[in-house]
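Undergrad: Got a structure here, written out as structure tokens. Questions coming.
The values are calculated or read from the model by the stated rules, or taken from the named source; none is laboratory data. Please read these numbers as outputs of a predicted model, since none were measured by experiment. Here Cβ is always computed from backbone atoms with ideal geometry, including for glycine, and neighbour counts include all displayed protein chains. When the accessible area is computed, the model is the full protein with side chains, heavy atoms only, and any ligands, DNA or RNA have been set aside. Shrake-Rupley method; radii C 1.70, N 1.55, O 1.52, S 1.80 Å.
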Amino acid sequence: LTLTYQFQHLFDIQHNDYGYSVSQQEIPVTEVLIKNIKRPNIKRVVVRPSYNWSKTKEDDVHRNVTDPCVLDPLKDDCALGLTGFIDKPLTIENARLCDGKLNPHLGANSEVLCPQDPTCKKCKFKYIQRNEKLRAAFLSTSKERKNRLARWFPVSNNTNSRTVIVCSVNYGQLYLFLNWACSCLANGVFDPREYVWMVPTDNETYDTLNNLGFHVEPLDWKVKDINISATYGGGSNVGSHPTINNLISHAACFAVYMGYHTLMMDVDLVFLKNPFPYLEKALIRRDFLGMYAPRNDMYGFVNAGFMYFNPTAKTKLLVKSYENLSILKSNSDQQLWNTVFRHNLLQQIEYRILPRALFFPLWKSTNKYGYHRNKTYVLHTISGHKAPRLAEHGHWYLDSKCPFFDKAAEDVALRRNLIQPKSK
């Protein structure tokens, strides 16, 4: 038999209060011609629809349905629990990060390499002591911090969240943060003081940023036996940098648990355009977004210097798990972040890596990988020689014309050859 379908009429669609349905009129929706080769007679078959079309998310929006649990019944706080996901944050005991069978070691330089102990504790004892002291000290002032953030970043009645940028620097890195702030003004992005929650590590940084009008975390958490150097030599994951990165992760975790959309950000970036309209759309039904890192080893594909978190139930468990596990870290937060969200118990974490052309990791050149001055949102310098490379590509904004210029911070960077003297 040869079957030929001729669609003579469209479905007669009617809209009712419950969505879309097909009319029960006996209209000839589809005519099926069945032709028998031996007997060339034609038999007409009228097909009558007996099913309903379900409405889509776009239909709900069109009909002003705003209940998030109608739009997405599997939304974290709508579903009947997170099926197949942890219900408590991971700890160093049950995460077993140094169990090579659970977490393959992609390269020898690993934050989670300890053959004699799957929990890593035997190999990481000195780091556990140092990092746990910092975490306990930061969390000891949580009550006051919660009140401050609610006052600094109030949430309006018609929204359930807002975006906060979390950063941390010592005085030696301050020139990089101020250059980022100047890039926001020079490129007409926004006033950075509306977004930034800065966690400084020393009094000089606190005083400078507080005088410039930023929301600056007090140093009440910094007890005497926590030593964080105020100097910066220009490298990554050396000196005080690993400790500062731990501090950023604690602050980001705190902001996420308060319900803020949280951008955990390094300070060696410039903003060319406002990234948040793009990021907020891309974050829908995802737990976090991350900038691309061109690595295929333990450092992973997500650059931990630019991660945008959606305060979902899964995200809160993720960031708290990282905070618990960060006490194992020696140097690289990027290794640890990529290890944690690849963990077999966190497989339902939904994330995407941001397009390289729009969120550009600057290594040596902007001639490859799609960078475009009028299209790229964020430029992020990786590795060393940060200020000279930004200046080379026309993105050094820290000068006396910028309201955030600070001569003392610039002088510190000049003395350490971190920025080039201005030509006369």
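Undergrad: Quick check, is residue 158 of a type in the set (S, T, N, Q) and in contact (Cβ under 8 Å) with a residue 60 or more places away in the chain? Spell out the reasoning first.
TA: Details: of a type in the set (S, T, N, Q): yes; in contact (Cβ under 8 Å) with a residue 60 or more places away in the chain: no.
So residue 158 does not fit the description; no.
Undergrad: Now for a separate question. Of (1) in contact with a Pro (Cβ under 7 Å, 6 or more places away or on another chain); (2) in contact (Cβ under 8 Å) with a residue 40 or more places away in the chain, residue 141 satisfies all except one. Which?
TA: Against the list (1) in contact with a Pro (Cβ under 7 Å, 6 or more places away or on another chain); (2) in contact (Cβ under 8 Å) with a residue 40 or more places away in the chain, residue 141 comes up short only on (1).
Undergrad: Suppose we filter 240, 236 for residues that are hydroxyl-bearing (Ser, Thr, Tyr) and more than 21 Å from the chain's Cα centre (by Cα); which single one remains? Full working, then the answer.
TA: On the way: 236 fails: more than 21 Å from the chain's Cα centre (by Cα).
Answer to the check: 240.
Undergrad: Looking for something over 30 Å from residue 414 (Cα atoms) and not polar (S, T, N, Q) - is there at least one such residue anywhere in region 160-172? Walk me through how you get there before you give the answer.
TA: Here is the first cut: in region 160-172, the residues over 30 Å from residue 414 (Cα atoms) are 160-164.
Now drop any that are not not polar (S, T, N, Q), which leaves 162, 164.
Scanning region 160-172, I find at least one residue that is over 30 Å from residue 414 (Cα atoms) and not polar (S, T, N, Q), so the answer is yes.
Undergrad: State which residue pairs qualify: first residue over 21 Å from residue 227 (Cα atoms) and inside region 203-216, second residue open to solvent by 40 Å² or more (accessible area, probe 1.4 Å) and charged (D, E, K, R) in any location, beta carbons under 8 Å apart, and separation of 6 or more residues or different chains.
TA: Cβ pairs passing all conditions: 212/193; 213/193; 214/193; 215/193.
Undergrad: Is it the case that residue 240 is surrounded by fewer than 20 Cβ atoms within 10 Å (Cβ to Cβ), out of contact with any Phe, Trp or Tyr (no Cβ under 6 Å at 6 or more places or on another chain) and of a type in the set (Gly, Ala, Ser)? Explain how you work it out, then say what you get.
TA: Details: surrounded by fewer than 20 Cβ atoms within 10 Å (Cβ to Cβ): no; out of contact with any Phe, Trp or Tyr (no Cβ under 6 Å at 6 or more places or on another chain): yes; of a type in the set (Gly, Ala, Ser): yes.
Considered against the rule, which asks whether it is surrounded by fewer than 20 Cβ atoms within 10 Å (Cβ to Cβ), out of contact with any Phe, Trp or Tyr (no Cβ under 6 Å at 6 or more places or on another chain) and of a type in the set (Gly, Ala, Ser), residue 240 comes out as no.
Undergrad: So if I check each of 202, 207, 191, which one is exposed (fewer than 13 other Cβ atoms within 10 Å of the Cβ) and of a type outside the set (Val, Ile, Thr)?
TA: Values: 202 fails: exposed (fewer than 13 other Cβ atoms within 10 Å of the Cβ); 207 fails: exposed (fewer than 13 other Cβ atoms within 10 Å of the Cβ).
Matching residue, one of 202, 207, 191: 191.
Undergrad: Next up: Tally the residues that are part of a helix (DSSP H, G or I), under 20 Å from residue 377 (Cβ atoms) and not charged (D, E, K, R), restricting the search to region 179-216. Walk me through how you get there before you give the answer.
TA: Pass one, region 179-216, residues part of a helix (DSSP H, G or I): 179-186, 192-194, 203-211.
Filter once more, keeping what is under 20 Å from residue 377 (Cβ atoms): 179-186, 192-194.
Applying the additional criterion that residues be not charged (D, E, K, R) yields 179-186, 192.
Adding up the residues that qualify gives 9.
Undergrad: Given (1) at pLDDT 95 or above; (2) under 27 Å from residue 314 (Cβ atoms); (3) in contact with a helix residue (DSSP H, G or I) (Cβ under 8 Å, 6 or more places away or on another chain), where does residue 85 come up short, assuming only one miss?
TA: Every listed condition holds for residue 85 apart from (1).
Undergrad: For region 287-297, state whether one or more residues are acidic (Asp, Glu) and modelled with pLDDT of 95 or more. Even if it seems obvious, please write down each step before you answer.
TA: Quick first cut of region 287-297, residues acidic (Asp, Glu) only: 287, 297.
Checking the rest, the ones that are also modelled with pLDDT of 95 or more come to 287.
Yes, that holds for at least one residue.
Undergrad: Another one. Could you grab the pairs with beta carbons closer than 6 Å, sequence gap of 6+ or different chains, first residue in region 85-109 and under 14 Å from residue 341 (Cα atoms), second one open to solvent by 80 Å² or more (accessible area, probe 1.4 Å) and assigned to a loop (DSSP other than H, G, I, E, B)?
TA: Final answer for the pair search is 85/348; 102/96.
Undergrad: Here are some residues: 321, 326. Which one is over 16 Å from the mean Cα position of the chain (by Cα), closer than 18 Å to residue 128 by Cβ and small (Gly, Ala, Ser)?
TA: On the way: 321 fails: over 16 Å from the mean Cα position of the chain (by Cα).
Testing whether each residue is over 16 Å from the mean Cα position of the chain (by Cα), closer than 18 Å to residue 128 by Cβ and small (Gly, Ala, Ser) leaves just 326.
Undergrad: Any idea which residue in region 284-297 is most open to solvent (accessible area, probe 1.4 Å), counting only those that are in contact (Cβ under 8 Å) with a residue 40 or more places away in the chain and closer than 21 Å to residue 344 by Cα? So that I can check it myself, show each step before the final result.
TA: Initially, region 284-297 is screened for residues in contact (Cβ under 8 Å) with a residue 40 or more places away in the chain, giving 285-294, 296-297.
Filter again for closer than 21 Å to residue 344 by Cα, leaving 285-290, 296-297.
Details: 285: 118, 286: 71, 287: 4, 288: 0, 289: 2, 290: 0, 296: 133, 297: 43 Å².
Once the filter is applied, the top-ranked residue is 296.
Undergrad: Could you check, for region 109-130, whether at least one of its residues is open to solvent by less than 40 Å² (accessible area, probe 1.4 Å), among the acidic types (Asp, Glu) and within 22 Å of the chain's Cα centre (by Cα)?
TA: So far as region 109-130 goes, yes, one or more of its residues are open to solvent by less than 40 Å² (accessible area, probe 1.4 Å), among the acidic types (Asp, Glu) and within 22 Å of the chain's Cα centre (by Cα).
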